[in-house]
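Since the structure comes first, as structure tokens, the remarks are kept for the end.
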Amino acid sequence: METAEPDPGLRPSVWRYVKASRAHVVIDAADYYVLMQQAMKRAKQLIHMIGWDFDTRMRLGPGRRFWNLPRKAVNPARLGPFMIWLCERSPGLQVRVLKWNFGALKFLFRGSMILDLIRWMLHPGIDFKLDSAHPIGCSHHQKIVVIDDMFAVCGGIDMTSDRWDTPEHLEKDPRRHKPYSQKLYGPWHDMTMLVEGDAAAALGELGRERWERAGGTPLPACKPQKHSAWPAKLKAEFEDVEIGIARTTAAWRDYPEVREIEQLFVEHIARAKHFIYAESQYFASRAIAEALAERLAKPNPPEVVLINPESADGWLEQTAMDGARVQLCHAVGASDPAQRFRIYLPYNAAGTAIYVHSKLMIVDDEVLRIGSANMNNRSMGLDSECDMVIDAARPGNKHASAPIKGVRIALLAEHTGQSREAVEQQLKANASMIDLIAKAPLTGKYLAPFALRPLTDAEKAVADNALLDPERPEELFEPFSKRRGLFRRGGLLRRPK
């Protein structure tokens with residue numbers, strides 16, 4: 001596998017640069033699950049799935065409902081029986097599933113999932129493993145699937161419940177329900193990236209290292225083959241493009257700490273000339289906030305548009321992440337005299353908040369990065385993460401700029417309830433995304449500005465000390481007096497008065 005040498009003048013911190021014969025951004029899980037069902041049907045040697053969570057009860061796409069119906073020509077719809085069906089349909093196919101070990105007990109409360117896992121354990125072609133190879137307090141947050149070392153996916157979408165949704169994010173969509181229940185969950189926005197070729201092989205190498213670190217039997221590389229699992233009818237947005245892969249890993253035993261993702265964020269923000277468009281589940285990273293503050297304080301600052309959910313999911317996350325967002329917005333605002341920084345919250349046509357789980361950043365329609373890392377401290381140094389980046393400024397990647405712009409237009413159209421053509425025309429007349437959002441009609445989906453609010457004493461205490469969002473494992477156990485929290489002494493970010 002050939003690896004391109006990085007240009008010393010454009011050297012972001014990445015693990016590896018590799019070529020992808022094709023790459024494609026998939027927005028929202030409805031399309032993703034169907035595409036993955038199609039891709040896995042084309043697998044010949046190995047399907048390696050790595051995730052924060054898996055739910056075998058979820059439906060990927062079309063197929064029969066029950067696992068034991070004697071119709072081998074028709075695939076099951078649910079993930080659990082679908083994997084068994086694949087192995088029986090393709091003798092010699094191996095499936096490896098690696099999940100973060102936290103929350104394993106909840107399998108007992110997922111009804112038929114425990115039966116699915118027993119069937120997996122009894123099948124010679126399937127091996128399911130829980131991964132606890134990390135320091136206390138860390139999580140394995142990567143979301144990767146590799147097929148035959150020829151096709152791979154990396155992004156923010158887990159193959160679990162409460163993730164499926166369409167770009168329309170309809171109110172009370174009857175298809176958006178929990179497994180084996182008609183109980184509906186709210187609108188959910190997410191994305192991932194498909195790659196083919198050497199980029200997939202590199203993710204396969206990363207996956208094998210994770211598997212072995214977790215105690216799995218070493219997985220040999222797949223044999224070379226011409227056949228790719230790329231879905232037959234999917235036209236790729238990117239062809240013959242170089243991909244950068246960046247990681248976060250906490251130090252553990254003989255494995256060193258890796259903070260490539262954090263450094264890549266800092267470098268991409270510093271190079272922004274015109275705009276940054278980003279989506280993240282959180283805005284709580286001190287390193288990212290400092291990089292934004294530094295860039296916005298300089299002459300001719302870029303426009304920065306960040307899409308966040310209205311509030312973090314769960315009481316603990318709300319206390320930690322929502323409070324940190326308020327603190328950091330005050331701090332960044334103090335270094336933004338041109339008022340170029342905005343956070344927006346998406347809502348569907350009925351006014352229901354759309355939960356943002358995507359992790360994306362686009363810089364000047366020149367850089368596109370998608371992965372599992374949020375804009376919080378944990379993703380910078382505590383949890384295992386993987387991001388992929390396409391940089392049109394690197395040699396041979398100039399042709400990537402137009403499809404990167406296409407991704408940004410598609411996302412702005414989705415969030416503002418307009419057609420892609422309308423968004424593109426408006427940006428041609430006026431390049432400001434802030435103006436576009438302000439003038440967007442409110443008759444459908446829309447983006448609302450994030451309004452700063454006062455913090456409770458409890459939120460201030462948690463945010464100040466980064467109790468639930470530390471940068472390194474050892475900070476989980478530091479006393480309050482030694483915590484750095486969000487604001488460095490003497491650093492760029494100071495506590496707002």
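Tell me which residues, restricted to segment 349-369, are of a type in the set (A, V, I, L, M, F, W, C) and touching a helix residue (DSSP H, G or I) at 6+ places or on another chain (Cβ under 9 Å).
If the condition is that a residue be of a type in the set (A, V, I, L, M, F, W, C) and touching a helix residue (DSSP H, G or I) at 6+ places or on another chain (Cβ under 9 Å), then 354, 360, 361, 362, 363, 367, 368 are the ones that fit.
Restricted to segment 95-112, and to residues that are small (Gly, Ala, Ser) and in a loop (DSSP other than H, G, I, E, B), which residue is modelled with the highest pLDDT?
Here the residue is 112.
Being assigned to a helix (DSSP H, G or I) and either of a type in the set (S, T, N, Q) or over 17 Å from the mean Cα position of the chain (by Cα) (or both) is the filter here, so list the residues in segment 254-271 that pass it.
Listed by number, the residues that qualify are 263, 266, 267, 268, 269, 270, 271.
Which residues, counting only those in segment 283-324, are small (Gly, Ala, Ser), modelled with pLDDT of 85 or more and over 19 Å from residue 262 (Cβ atoms)?
297, 311
Give me a count of the residues in segment 349-364 that are buried (at least 21 other Cβ atoms within 10 Å of the Cβ) and either in contact with a Lys or Arg (Cβ under 6 Å, 6 or more places away or on another chain) or among the charged types (D, E, K, R) (or both).
Residues meeting the conditions: 3.
Quick check: anything in segment 154-161 out of contact with any strand residue (DSSP E or B) (no Cβ under 8 Å at 6 or more places or on another chain), surrounded by fewer than 22 Cβ atoms within 10 Å (Cβ to Cβ) and more than 26 Å from residue 386 (Cβ to Cβ)?
no
Quick check, is residue 313 in a strand (DSSP E or B), touching a residue at least 12 places away in the same chain (Cβ under 8 Å) and either at positive phi or of a type in the set (Asp, Glu) (or both)?
Judged against the criteria, residue 313 is not a match.
Can you pull out the residues in segment 376-415 that are among the polar types (S, T, N, Q) and buried (at least 24 other Cβ atoms within 10 Å of the Cβ)? Please lay out each step first, then the result.
If we filter segment 376-415 for residues that are among the polar types (S, T, N, Q), which is where we start, we get 376-377, 379, 384, 397, 401.
Selection gives 376, 377, 379, 384.
In the set 26, 14, which member is modelled with pLDDT of 50 or more and not in a loop (DSSP other than H, G, I, E, B)?
Testing whether each residue is modelled with pLDDT of 50 or more and not in a loop (DSSP other than H, G, I, E, B) leaves just 26.
Kindly indicate the residue of segment 58-94 that is part of a loop (DSSP other than H, G, I, E, B) and either crowded, with 21+ Cβ neighbours inside 10 Å or in contact with a Cys (Cβ under 7 Å, 6 or more places away or on another chain) (or both) and also modelled with the highest pLDDT among those meeting that condition.
Here the residue is 93.
Could we say that residue 178 is modelled with pLDDT under 95, surrounded by fewer than 17 Cβ atoms within 10 Å (Cβ to Cβ) and within 28 Å of residue 411 (Cβ to Cβ) here? Full working, then the answer.
On the way: modelled with pLDDT under 95: yes; surrounded by fewer than 17 Cβ atoms within 10 Å (Cβ to Cβ): yes; within 28 Å of residue 411 (Cβ to Cβ): yes.
So residue 178 passes the test.
State yes or no: is residue 206 in the same structural domain as residue 41 (by TED's automatic domain parsing) and out of contact with any His (no Cβ under 7 Å at 6 or more places or on another chain)?
Spelling it out, residue 206 is indeed in the same structural domain as residue 41 (by TED's automatic domain parsing) and out of contact with any His (no Cβ under 7 Å at 6 or more places or on another chain).
Among 383, 391, 336, 365, which is the only one that is assigned by TED's automatic domain parsing to the domain that holds residue 265 and at positive phi?
Every option except 365 fails the conditions.
Residues that are small (Gly, Ala, Ser) and under 20 Å from the mean Cα position of the chain (by Cα): find the strands (runs of 3 or more DSSP E) completely inside segment 347-433 holding 1 or more of those. Give the steps one after another, and end with the answer.
Numbers: elements: 360-363, 367-371, 385-391.
Filter on segment 347-433 gives 367-371.
Show the residue pairs meeting these rules: Cβ distance below 6 Å; 6+ apart or different chains; first residue within segment 184-204 and in contact (Cβ under 8 Å) with a residue 12 or more places away in the chain; second residue assigned to a helix (DSSP H, G or I).
190/29; 192/32
Do we find that residue 229 is in contact with a helix residue (DSSP H, G or I) (Cβ under 7 Å, 6 or more places away or on another chain) and under 16 Å from residue 43 (Cα atoms) in this structure? So that I can check it myself, show each step before the final result.
Working: in contact with a helix residue (DSSP H, G or I) (Cβ under 7 Å, 6 or more places away or on another chain): yes; under 16 Å from residue 43 (Cα atoms): yes.
Taking the combined requirement at face value, the residue satisfies it.
Quick one: is residue 338 surrounded by fewer than 21 Cβ atoms within 10 Å (Cβ to Cβ), at pLDDT 95 or above, more than 22 Å from the chain's Cα centre (by Cα) and not charged (D, E, K, R)?
yes
What is the number of the single condition among (1) assigned to a loop (DSSP other than H, G, I, E, B); (2) of a type in the set (Lys, Arg); (3) farther than 27 Å from residue 446 by Cβ that residue 208 does not meet?
Status for residue 208: all satisfied but (1).
When you check residue 133 against the structure, is it outside any helix (DSSP H, G or I), touching a residue at least 40 places away in the same chain (Cβ under 8 Å), closer than 26 Å to residue 243 by Cα and of a type in the set (Gly, Ala, Ser), yes or no?
Answer is no for this residue.
The values are calculated or read from the model by the stated rules, or taken from the named source; none is laboratory data. These numbers come from a predicted model, not from an experiment. In this analysis, Cβ positions are derived from the backbone assuming ideal geometry, glycine residues included, and neighbour counts consider all displayed protein chains.
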